[in-house]
Amino acid sequence: MERRQIKATIFMIEKNINNKKVAEYNEYLKNKYIALIIKPNSDNTKIIGYDNYKNALIVNVKSKAEDNKANDEIIKFFSRLLKKKVIIKSGLRSREKLLKTE
């Protein structure tokens with residue numbers, strides 16, 4: 001299991017997400033995609049939860065959602081967290097995003 005899978009699995013277990021959801025999210029990670037729901041203009045940038053319905057991590061982002069500031073912060077945050085290159089595959093102008101790790 002890779003580092004990002006371990007971190008996501010630990011996070012989901014801490015948040016009492018059932019094992020089926022953990023297994024489903026690990027499948028997303030094996031495909032190198034991470035679904036996100038973004039909440040811009042927050043106090044700080046951090047993962048705050050998991051949306052079972054959309055199978056996505058909920059992330060607070062400190063930057064405002066203007067001039068790609070929030071997108072840049074998301075890329076920096078997840079690149080540091082996963083220690084891999086990250087790009088936004090879809091959702092550049094949306095609060096729902098799909099990240100791809102390389």
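The values are calculated or read from the model by the stated rules, or taken from the named source; none is laboratory data. In this text, all values refer to a predicted model and were calculated from it rather than measured experimentally. As a convention, Cβ positions derive from the backbone with ideal geometry for all residues, glycine included, and neighbour counts pool all protein chains shown.
For Ser42, the stated conditions do not hold, so it cannot be described as of a type in the set (S, T, N, Q), surrounded by 13 or more Cβ atoms within 10 Å (Cβ to Cβ), free of Cβ contacts under 8 Å to residues at least 12 places away in the same chain and on the phi < 0 side of the Ramachandran plot. Scanning the stretch 64-87 for residues that are part of a strand (DSSP E or B) and within 17 Å of Lys46 (Cα to Cα) returns a single hit, Val86. The sole residue among Ile48, Ile74, Ile58 that is modelled with pLDDT of 85 or more, under 11 Å from the mean Cα position of the chain (by Cα), more than 15 Å from Thr101 (Cα to Cα) and not charged (D, E, K, R) is Ile58. Restricting the search to the stretch 77-102, which residues are hydroxyl-bearing (Ser, Thr, Tyr) and at pLDDT below 90? Answer for the stretch 77-102, where residues must be hydroxyl-bearing (Ser, Thr, Tyr) and at pLDDT below 90: Ser79, Thr101.
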